[in-house]
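Student: So that we are looking at the same thing, I have put the structure below in structure tokens.
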Amino acid sequence: MDGLLRPGEVRLGKRQLGQMHVLGQIGQRFVACVLVTEGGSMLVMLDQHAADERIRLEALQRAAAPDADPDALKSKACRTPKNFLAHMIFEFSSTSELAALPAAAAVFPVLVGAALADNAAVAALASGAGQVAPKAVWQQLAAGAGLFDRAAALLDTGMDAVVAVADSAAAAIAAIEAIAAVPASRRGVRIPASVAAAEPALLERLAAAVSLLVLDGPPPASLHVALTAAAATTRVAITNSDAAAPEGCTTVVPAARIALGGGAAKDAPGAVDLAAAVAARLRSDRPDGLFSTIVADEHGVALGLCFSSAESIRASLASLEGVYHSRTRGLWHKGLTSGATQKLRRIDWDCDADALRFTVVQRPPGFCHLNTRTCFGADVGFTRLYSTLIERSAAAPSGSYTKRLFEDPALLSAKIREEADELCTASEPEEIAWEAADLIYFALTKCVASGVSLADVERHLDLRSKKISRRPGNAKPQFVSKDSPAPASAPASAPAPARAPAEIEPFTMRVHSKKTASTADLAALLKRPIIKTDEIMARVKPIVESVRARGNAALVEFTSKFDGVTIDAESIVERAPFDPRKMELDPNVKAAIDLAYDNVFKFHDAQLDREPLVVETMPGVVCSRVVRPIERVGLYIPGGTAVLPSSTLMLGVPAKVAGCTEIVLATPPRKDGTIAPEIMYVAAKIGATAVLKAGGAQAVAAMAYGTETVPKVDKICGPGNQYVTAAKMICQSDSSALLSIDMPAGPSELLVVADAAADIRYAVSDLLSQAEHGVDSQVVLVAVGFAQSDLDALQAELKRQASVLPRADIVKVSLSKSYVLVVDSMDEAIAFSNEYAPEHLILNVDNARSYVPRIVSAGSVFLGPFSPESCGDYASGTNHTLPTYGYARMYSGVNTHTFLKHITTQELTKEGLDRIGDCVTTLAEVEALEAHRNAVAIRLADIRRR
């Protein structure tokens with residue numbers, strides 16, 4: 001034993017294994033050594049008291065002597081721990097590899113190549129805005145000028161660490177010095193293995209300064225001891241090597257080797273099976289080999305207990321959903337039959353590696369088979385408050401205090417300010433806790449009212465903990481007491497903090513420049529204000545089911561609950577002909593509606609195909625297409641904050657032109673249970689057969705399924721809020737409803753392209769015309785060649801026009817979600833517009849029509865300074881029911897063809913069948929459909945016998 005403790009050659013029998021290097025004494029009994037061989041290195045713990053003690057060998061990768069006799073190794077009690085895959089880092093170098101990024105990041109750290117520094121998918125993952133919550137995302141950056149600013153910008157967005165890529169020792173040292181202000185836990189460096197081998201002292205210096213040290217290429221054996229020592233203080237990773245990494249070091253695996261799912265892919269040479277990698281990290285004390293699995297939501301609240309296997313982990317990572325292993329049924333995809341599925345956020349293992357935690361987003365009604373959110377009883381604290389507010393936002397009684405909070409932004413804002421002030425003046429611990437709870441209640445109420453989830457808030461809290469740049473910390477002037485002492489000046493030598501986004505004043509818009517914006521910034525600008533689809537669907541589905549099951553009784557109940565209107569089942573539908581007294585209008589209003597009707601009718605009538613399309617595709621083979629109206633259609637006319645006869649025109653006129661025989665209107669009633677006379681007048685003009693005095697999801701469900709008095713329709717068209725849209729999509733997906741819809745829709749939006757020569761008053765008036773639709777509306781100005789003076793004039797004009805509008809409170813909120821993008825050219829403006837795919841697009845530039853051939857995605861386009869969007873809303877003739885939220889990429893606005901269907905016919909003569917028959921029989925034989933072939937062959941036989 002004493003011989004083994006001295007550095008030098010080590011043998012196993014007559015076989016030389018390698019060289020032994022003594023690291024030092026471990027406790028009273030063991031000596032730690034490193035055994036270096038051609039295949040790698042291993043940490044050896046030797047008992048210095050007994051020569052016949054078992055020798056414990058710990059290795060991260062393969063056995064140090066792969067060609068040694070297995071029986072001889074076994075006789076010396078060598079032990080190799082679990083698969084080295086459990087200690088991997090995955091490196092993503094190109095966009096082609098990013099499909100596997102979410103699954104890999106959910107279980108292992110990922111290293112991102114410098115070429116992907118501005119990639120939107122990577123940025124979303126790091127910020128927590130993607131589906132998964134990553135273990136760690138390390139972004140590589142080329143060392144050089146501006147490294148700190150580039151690093152700080154990435155770290156501020158949520159990146160866990162930045163790794164400076166250097167090609168020499170001097171460049172590596174300079175990079176570390178450049179980012180010295182970054183915490184050591186969030187910085188790393190990457191150097192070639194050859195550089196480290198040439199300067200062994202460099203490893204110790206770098207390891208002390210970073211949390212991740214990456215070596216390119218397999219290090220020579222002479223470097224293994226130094227790397228093992230470095231790995232004791234920091235994470236050391238080796239790339240581009242299939243050989244065993246030194247003890248304690250991590251292997252960097254190219255993302256191209258990742259195999260997701262089962263099958264042959266995971267068994268391909270060089271493939272890395274993620275599920276096997278996770279399972280390699282675990283041990284099970286159960287006879288069936290399953291791993292105990294805690295399932296938690298995104299807030300860390302435990303939902304229940306399951307079990308996992310390598311197979312279920314593989315299925316979960318492939319689908320990014322909650323998949324487990326049932327002890328009785330085998331593979332179990334949670335909620336696949338009930339709809340209560342889970343989005344996978346992350347997989348962790350505990351300190352003993354014998355239990356898993358799946359972090360998921362649980363879809364309603366919840367995890368438990370009893371249809372509760374958890375198996376452990378009711379929520380507490382923040383999650384309970386958030387769930388309560390979600391329920392109250394949908395079901396608070398009309399006129400109640402809670403309902404007022406959700407519907408009155410001014411009241412809610414006043415309460416938040418009141419409670420913040422009371423918290424500031426509180427002094428006793430119990431009083432402070434009380435006032436803090438009040439403030440949190442009203443703050444979360446604002447979040448729920450604006451569609452912001454608790455998870456969104458927690459994500460931003462996590463992001464702030466990762467920020468490198470810091471604001472000075474001073475309060476805004478309006479909140480500073482005149483008696484407060486002035487803030488202390490920062491030391492002159494302190495670096496200036498990175499500039500944070502400025503708080504915008506009311507009735508102004510944020511300004512971005514394409515010249516300085518990153519790819520990730522521009523991708524973020526294309527996104528609309530968040531709509532929580534899953535939550536909204538969960539609220540709407542019970543309403544739809546109730547109307548389907550209970551008919552008019554449910555309609556009456558929901559109209560009272562949501563609209564505050566009491567109406568009886570017998571009068572909830574009005575049938576044509578309508579009472580003329582309910583259509584009495586001011587003559588000027590009537591004349592305006594008549595003019596708008598004429599223009600809209602003229603444009604939509606021109607779209608009608610009056611003659612069948614007939615084509616003889618070859619002699620004796622005639623194909624045709626004929627047009628038929630959809631017989632029964634439902635038109636949803638929004639109500640609530642405005643009376644919209646224009647929407648009634650835009651939906652009703654094309655339905656009338658198409659020849660629909662049953663036209664059902666649905667619109668929320670006024671507080672007295674009647675419909676606005678403007679709506680009734682248009683209903684009569686378009687030939688509506690019925691008017692349903694109900695709105696929201698309940699009205700959509702009534703038309704989709706029919707009730708005792710509401711006719712069932714075949715198609716529903718019309719705009720509405722997110723609840724109306726959700727109801728349309730739910731009903732369309734139910735095959736028993738036999739229903740289609742016009743398009744999915746979101747909040748109203750407008751994009752204006754204007755150059756510096758445009759009249760800024762016109763541009764601002766157009767922006768505000770859409771901003772006043774609702775607090776969730778978004779307007780965008782793409783400013784071509786604007787100087788700072790032009791932007792200043794824009795902001796001043798916004799304040800002047802917006803502050804006097806009757807709906808100024810709504811405009812203020814929608815403008816806060818809107819922005820200006822400054823570009824240098826029309827080419828850049830049109831490219832951005834096509835990516836954004838706006839509902840409405842205004843080209844307020846000279847020779848606007850010349851740009852139309854280049855517009856590929858927009859609902860409706862308005863050309864030149866004298867074509868305000870408002871004209872399209874009311875009377876120019878085009879339709880204002882248009883795709884929003886980016887759906888203009890694949891949907892058209894409502895038109896005459898929306899209410900039509902096409903039927904094709906074909907007629908073949910004997911000669912025609914003789915010419916085409918062999919073609920058909922051949923193709924039928926290829927597809928092995930004998931009956932198809934025979935239907936033609938039997939006729940061909942008769943024709944050709946004659």
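The values are calculated or read from the model by the stated rules, or taken from the named source; none is laboratory data. What you see is a predicted model; the values in this text were computed from it and never measured. Heads up, the Cβs are rebuilt from the backbone with ideal geometry, glycines too, and the neighbour counts pull from every protein chain shown. Just the protein is used for accessible areas: all its heavy atoms, side chains included, with ligands, DNA and RNA removed. Shrake-Rupley method; radii C 1.70, N 1.55, O 1.52, S 1.80 Å.
Student: Taking the range 113-136, which residues are open to solvent by 30 Å² or more (accessible area, probe 1.4 Å), more than 24 Å from I179 (Cα to Cα) and part of a loop (DSSP other than H, G, I, E, B)?
Tutor: Of everything in the range 113-136, those that are open to solvent by 30 Å² or more (accessible area, probe 1.4 Å), more than 24 Å from I179 (Cα to Cα) and part of a loop (DSSP other than H, G, I, E, B) turn out to be A129, Q131.
Student: Consider only pairs whose beta carbons are under 7 Å apart and that are at least six residues apart or on different chains; among these, list those whose first residue lies in the range 396-410 and is over 13 Å from A443 (Cα atoms) and whose second residue is open to solvent by 60 Å² or more (accessible area, probe 1.4 Å) and charged (D, E, K, R).
Tutor: Every condition considered, the pairs that remain are T402/R392; A410/D809.
Student: Just a yes or no: is a residue in the range 771-788 buried (at least 24 other Cβ atoms within 10 Å of the Cβ) and of a type in the set (D, E)?
Tutor: no
Student: Show me the strands (runs of 3 or more DSSP E) found entirely inside the range 137-192 where at least 2 residues are crowded, with 20+ Cβ neighbours inside 10 Å and of a type in the set (V, I, T).
Tutor: Working: elements: 137-142, 161-165, 187-192.
Per the criteria, 161-165, 187-192.
Student: Look at R205 and say whether it is closer than 17 Å to A142 by Cβ and either in a loop (DSSP other than H, G, I, E, B) or open to solvent by 10 Å² or more (accessible area, probe 1.4 Å) (or both). Reasoning before the result, please.
Tutor: Values: closer than 17 Å to A142 by Cβ: no; either in a loop (DSSP other than H, G, I, E, B) or open to solvent by 10 Å² or more (accessible area, probe 1.4 Å) (or both): yes.
No; evaluated as a whole, the condition is false for this residue.
Student: (1) closer than 24 Å to K582 by Cβ; (2) over 27 Å from the mean Cα position of the chain (by Cα): which one isn't true of G718, the others all being true?
Tutor: Every listed condition holds for G718 apart from (2).
Student: Here is a list: T337, T383, T341, T374. Which entry is of a type in the set (S, T, N, Q) and open to solvent by 40 Å² or more (accessible area, probe 1.4 Å)? Walk me through it before giving the result.
Tutor: Details: T383 fails: open to solvent by 40 Å² or more (accessible area, probe 1.4 Å); T341 fails: open to solvent by 40 Å² or more (accessible area, probe 1.4 Å); T374 fails: open to solvent by 40 Å² or more (accessible area, probe 1.4 Å).
Only one candidate qualifies: T337.
Student: Return yes or no: is D742 of a type in the set (D, E), in contact (Cβ under 8 Å) with a residue 60 or more places away in the chain, surrounded by fewer than 24 Cβ atoms within 10 Å (Cβ to Cβ) and closer than 25 Å to N879 by Cβ?
Tutor: Working: of a type in the set (D, E): yes; in contact (Cβ under 8 Å) with a residue 60 or more places away in the chain: yes; surrounded by fewer than 24 Cβ atoms within 10 Å (Cβ to Cβ): no; closer than 25 Å to N879 by Cβ: yes.
When the stated conditions are applied, D742 does not pass them.
Student: In addition: Suppose we filter A172, A256, A196 for residues that are in contact with an Asp or Glu (Cβ under 9 Å, 6 or more places away or on another chain), modelled with pLDDT of 85 or more and assigned by TED's automatic domain parsing to the domain that holds A152; which single one remains? First the steps, then the outcome.
Tutor: Numbers: A172 fails: in contact with an Asp or Glu (Cβ under 9 Å, 6 or more places away or on another chain); A196 fails: in contact with an Asp or Glu (Cβ under 9 Å, 6 or more places away or on another chain).
A256 is the lone residue from the list that is in contact with an Asp or Glu (Cβ under 9 Å, 6 or more places away or on another chain), modelled with pLDDT of 85 or more and assigned by TED's automatic domain parsing to the domain that holds A152.
Student: While we're here: Of the residues V861, V813, V804, only one is within 30 Å of V643 (Cα to Cα), free of Cβ contacts under 8 Å to residues at least 12 places away in the same chain and open to solvent by 10 Å² or more (accessible area, probe 1.4 Å); which?
Tutor: Residue meeting the stated conditions: V804.
Student: Right, here's the next one. If we only count strands (runs of 3 or more DSSP E) wholly inside the range 783-902, which ones have 1 or more residues that are within 30 Å of V713 (Cα to Cα) and touching an Asp or Glu at 6+ places or on another chain (Cβ under 9 Å)? Reasoning before the result, please.
Tutor: Working: elements: 819-823, 840-844, 860-863.
By residue number, 840-844, 860-863.
Student: Here's a follow-up. Pull up the range 208-218, narrow it to residues that are more than 15 Å from I176 (Cα to Cα) and open to solvent by less than 20 Å² (accessible area, probe 1.4 Å), then point me to the one that is modelled with the lowest pLDDT. Before you say what the answer is, go through the steps one by one.
Tutor: Initially, the range 208-218 is screened for residues more than 15 Å from I176 (Cα to Cα), giving 215-218.
If we keep only those that are open to solvent by less than 20 Å² (accessible area, probe 1.4 Å) as well, we get 215, 217.
Working: L215: 90, G217: 84.
That would be G217.
Student: Now a separate question. Looking at the structure I just gave you, is T909 among the hydroxyl-bearing types (S, T, Y), surrounded by 11 or more Cβ atoms within 10 Å (Cβ to Cβ), more than 30 Å from N834 (Cβ to Cβ) and over 53 Å from the mean Cα position of the chain (by Cα)?
Tutor: So T909 passes the test.
Student: Moving on to the next point. Residue pairs, Cβ under 6 Å, 6 or more apart or interchain, first in the range 923-936 and free of Cβ contacts under 8 Å to residues at least 40 places away in the same chain and surrounded by 13 or more Cβ atoms within 10 Å (Cβ to Cβ), second of a type in the set (S, T, Y) and assigned to a helix (DSSP H, G or I). List them.
Tutor: Between residues of the range 923-936 that are free of Cβ contacts under 8 Å to residues at least 40 places away in the same chain and surrounded by 13 or more Cβ atoms within 10 Å (Cβ to Cβ) and residues that are of a type in the set (S, T, Y) and assigned to a helix (DSSP H, G or I), the close pairs are R933/T921; V936/T921.
Condition check ((1) of a type outside the set (S, T, Y); (2) assigned by TED's automatic domain parsing to the domain that holds D873; (3) at pLDDT 95 or above; (4) under 30 Å from L613 (Cα atoms)) across all residues:
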site	(1), (2), (3), (4)
V633	yes, no, yes, yes
S647	no, no, no, no
L651	yes, no, yes, yes
I663	yes, no, yes, yes
R670	yes, no, no, no
A702	yes, no, yes, no
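Student: Looking at the range 666-685, which of its residues are under 18 Å from Y597 (Cα atoms) and free of Cβ contacts under 8 Å to residues at least 60 places away in the same chain?
Tutor: Residues of the range 666-685 under 18 Å from Y597 (Cα atoms): 676-685.
Matches in the range 666-685: A676, I679.
Student: So which of R581, R510 is closer than 30 Å to D456 by Cα and of a type outside the set (F, W, Y)? Reasoning before the result, please.
Tutor: Numbers: R581 fails: closer than 30 Å to D456 by Cα.
Matching residue, one of R581, R510: R510.
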